[in-house]
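Please read the structure below before turning to the comments.
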Amino acid sequence: MNNNNELDERTHYINLYEKLKNFLSQAQKQILYLYFIEDLSITEIANELALTRSAVFDALKKGKKKLLDLNAKLGN
């Protein structure tokens, strides 16, 4: 059951990303793409972009929040 919730959440964020990616910063766009579309882990993204895991986690968290906020503002 938990896997279904995670899959639903992932699908939701992928849909939001595709719809709203032009409103994200370049860093947020890149990290969200690698995380949701390429299915890389936070550690893999950090290694690929030469960032700390905490920097990737922070950008991911802020990017997800921005997608949710934008979606709410657009009334979806």
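Values quoted throughout were computed directly from the atomic coordinates according to the rules given, and no laboratory measurement underlies them. These numbers were taken from a predicted model, which means no experiment stands behind them. Ideal geometry is used to build each Cβ from the backbone, glycine not excepted, and the neighbour counts take in all protein chains shown.
So the values come out like this:
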item: Residue among Thr52, Ala27, Thr11 farthest towards the positive dipole end of the chain, charges placed on Cβ; result: Ala27
item: Selected from Leu49, Leu16, Leu24 as most flexible by GNM, with the chain as the system and alpha-carbon contacts under 10 Å; result: Leu49
item: GluC sites (Glu not before Pro) within the chain: DSSP coil, no more than 16 neighbouring Cβ in 10 Å; result: Glu38
item: Cα centroid separation, the stretch 30-76 to the stretch 1-23 (Å); result: 12
item: Cleavage-rule hits, chymotrypsin sites (Phe, Trp or Tyr not before Pro), the stretch 1-46, DSSP coil, Cβ neighbours within 10 Å at most 10; result: none
item: Size of electric dipole in the stretch 3-74: Cβ of Lys, Arg +1 and of Asp, Glu -1, about Cα centre, debye, nearest 20; result: 420
